[in-house]
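What follows is a short report on a single structure.
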Amino acid sequence: MNILTFNCGSSSIKYQLFRRETGEALVKGIAEKIGTSESYLNHEKQGKKHRQDVALPDYYSAIEMIVRLLTDPQWGAVRDKTEIAAIGHRVVHGGEEFTVSVLIDAHVLQRIQYYAKLAPLHNPPAYNGIKAARKLFPGVPQVAVFDTAFHQGMPEEAFLYGLPYDLYRKYCIRRYGFHGTSHRYVAEAAAKALKKPLRSLKLITCHLGNGCSISAVKHGRSVDTSMGFTPLEGLMMGTRSGDVDPALISYLMEREKRSVQEVMEVLNRKSGLFGVSGISNDMRDLLARAEKGHKRARLAIDMFIYRVKKYIGAYLAVLNGVDAVVLTAGIGENTPLIKSRLQQELSNVLGKRVKILTLHTDEERLIAEDTYAVIKARR
Ligand code: ADP
């Protein structure tokens, strides 16, 4: 059985085709710059890469093109699209409503659109991608896998902000958390690596990619996480500030005579590793430049690690101890410096060696597994 996954961004669609029986990822790729004159597709089959420059005016044409590649004699993996049994979609926001992955029907689709009010940049592309996929794959079951779902078990004391309670009731303002699929995937992978049941473990999972978040995972459930109402809160990230004093927003608006949108743009796109270093949001660049003595590249890296450590400290208290800390995603998987620094500094604090695992995250795979589980339960 073949399961296709889609991850629709504001101008891109990532896709991957899995063979369930073997767990093999048959082909994968990304359609980029959808809706511009420079759109193209990067496709990959068994390590071999193929780029296709092609007009992709919208999600429908992008998915149509993806289907063409999936069924291509040279680059594809299936003869025709009827060999695709189910489709899983990454959806960022499921509000308080979706605590697990669900089969998409007209109602679910409408709710995904509804939660665009909480994720205006993320849910609309998922909604459009699902609509296009439903048109192109009539009758094929499609499943929504939500980034927020894993964190829905957080206790009230962790997810509420110290704001008037009415704001929660009126506007659903609370901590939702994101990257849930990744945190869940690596938590399960950690249990396998430790050869212990997940329900017996206390884990701190650190997803350090372009976006960064950290979760306290107790017995397989997220009990706290660093991203909040939006993915801006928490750790310092590539271009996002993470935690700041909210009062600085109005201060900056006044001092710099900027609109609230402009200040938010600074916090979202001009801050973090990029803003502090003044050179790059990419950890690879910063490591290379710091090596050569670039002071602010070094400072940005130090601040990044300091924040991670500070949150780990907080979650050690939340969990009352930890069996392992997990590092994952682009930065987490590829920066030995972070692991060695955390290893040393946390061991100093705790007076014993903390187990730190570096594990590869694979959100697409979990989306495919969830998709299968949902359609199997339906049968
Ligand atoms: P996303 O969150 O968008 O999925 P990734 O998990 O791919 O992103 O992480 C991307 C980031 O990972 C890059 O911006 C870069 O900073 C970092 N990265 C990737 N490879 C390396 C590497 N070899 N060494 C250090 N950092 C890396």
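Per residue, the chain exposes 48 Å² of solvent-accessible protein surface, assessed with a 1.4 angstrom probe and all protein chains in place. Diffusion coefficient (Stokes-Einstein, Kirkwood radius over C-alpha pairs, 20 °C, 1.002 mPa s) for the stretch 1-133: 140 µm²/s, rounded to a whole number.
Taking 0.36 nm per residue of separation and subtracting the current Cα-Cα distance, fully stretching the chain between residue 53 and residue 131 would add 25.7 nm. Extending each Cα 7 Å along its Cβ direction at residue 247 and residue 302, get the distance between those two points in nm, one decimal. In this crude spin-label approximation the distance works out to 2.7 nm. When you filter the trypsin sites (Lys or Arg not before Pro) in the stretch 67-159 for DSSP loop state and at most 13 other Cβ atoms inside 10 Å of their Cβ, you are left with 79.
Cross-link pairs exceeding 26 Å in C-alpha to C-alpha distance, out of 170/310; 202/270; 355/376; 14/48, comprise 170/310; 202/270; 355/376. The Cα-based radius of gyration of the stretch 145-203, divided by its Kirkwood radius, gives an Rg/Rh of 1.12.
Annotation note: GluC sites (Glu not before Pro) in the stretch 212-276 located in DSSP loop regions with a Cβ neighbour count of at most 12 within 10 Å are 256.
Relative contact order of the chain: 14 percent, from C-alpha pairs under 8 Å at least 6 residues apart in sequence.
In a DSSP loop and with at most 14 other Cβ atoms within 10 Å, the GluC sites (Glu not before Pro) in the stretch 6-75 are 21, 38. Spacing of the modelled spin labels on residue 350 and residue 378, each 7 Å from Cα toward Cβ, amounts to 4.2 nm. With both labels modelled 7 Å from their Cα along Cα-to-Cβ, the residue 172 to residue 19 distance reads 4.1 nm. Across every pair of non-identical alpha carbons in the chain, the mean reciprocal distance, once inverted, gives a Kirkwood radius of 21.9 Å. Candidate membrane-span-like segments in the chain, meaning DSSP H helices with Cα atoms spread over at least 27 Å of their own axis and a Kyte-Doolittle mean of -1.0 or above, are 295-319, with no membrane implied.
Pairs of C-alpha atoms in the stretch 222-313 farther apart than 18 Å represent 49 percent of all such pairs.
The values are calculated or read from the model by the stated rules, or taken from the named source; none is laboratory data. This one's a predicted model, so the numbers in the text were calculated from it and none came from an experiment. Here the Cβ is made from the backbone with ideal geometry for all residues, glycine too, and neighbour counts use every protein chain on show. To get the accessible areas, we keep the full protein, side chains included, count just its heavy atoms, and leave off ligands, DNA and RNA. Shrake-Rupley method; radii C 1.70, N 1.55, O 1.52, S 1.80 Å.
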